[in-house]
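Bear in mind that the values in this text are calculations on the coordinates, not laboratory data. Quick caveat, the model's predicted, so the values are computed rather than measured. Cβ atoms come from the backbone with ideal geometry, glycine included; neighbour counts cover every protein chain shown.
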Amino acid sequence: MNFFVDNWYLFMVAAISGGLLVWPVLRGAGGGGAGSVGTAEAVRLINREKGVLIDVSEPNEYAAGHAGGARNAPLGQLEGSKAVPTNKTLPVLLICPSGARAARAAAQLRKAGWEKAVAVAGGTAAWREAQLPIEKSAEKAG
């Protein structure tokens, strides 16, 4: 019994770290249309559920290299962009070089009514790492 009393802080650290591991599951990061999806799930949503892939990078970043088939709508111009589908029931997958802007864009679209708006985890870097098609172009923002 003295072991537990003398080392209470170790048990506290173990409980907190376990809680932090369980937190994403409890928050629903694995489903429910919120958060982000991996590249494999993104491809599944595009192919099977007619998901729309939108790159929220700036036009120069988009031209330098973007996920194949992605439409460009910079984060600052996302609302009202023609790249965003008017059908709010379609999955909308947002991507950027690292995934940070895409996560903000997904939250912005979900707040505006696109329930299936999600970010592609890891962004274009993860897309490239998964050996999915990368395109380069001189297209401007849509």
Legend entry - Net +/- balance of residues flanking residue 49 in space, Cβ distance below 12 Å, scoring K and R +1, D and E -1: +3
Inset, instruction - Would you give the gap between the C-alpha center of the stretch 70-87 and the C-alpha center of the stretch 44-65, rounded to a whole Å? - result: 10 Å
Legend entry - Exposure proxy order (Cβ contacts within 10 Å, fewest to most) of 93, 10: 10, 93
Legend entry - Computed log₁₀ I(q)/I(0) - Debye formula, equal Cα scatterers, no solvent, the chain, q 0.14 Å⁻¹: -0.63
Legend entry - Under the span-like rule (Cα at least 15 Å along the axis, Kyte-Doolittle mean at least 0.0), DSSP H helices of the chain: 8-27
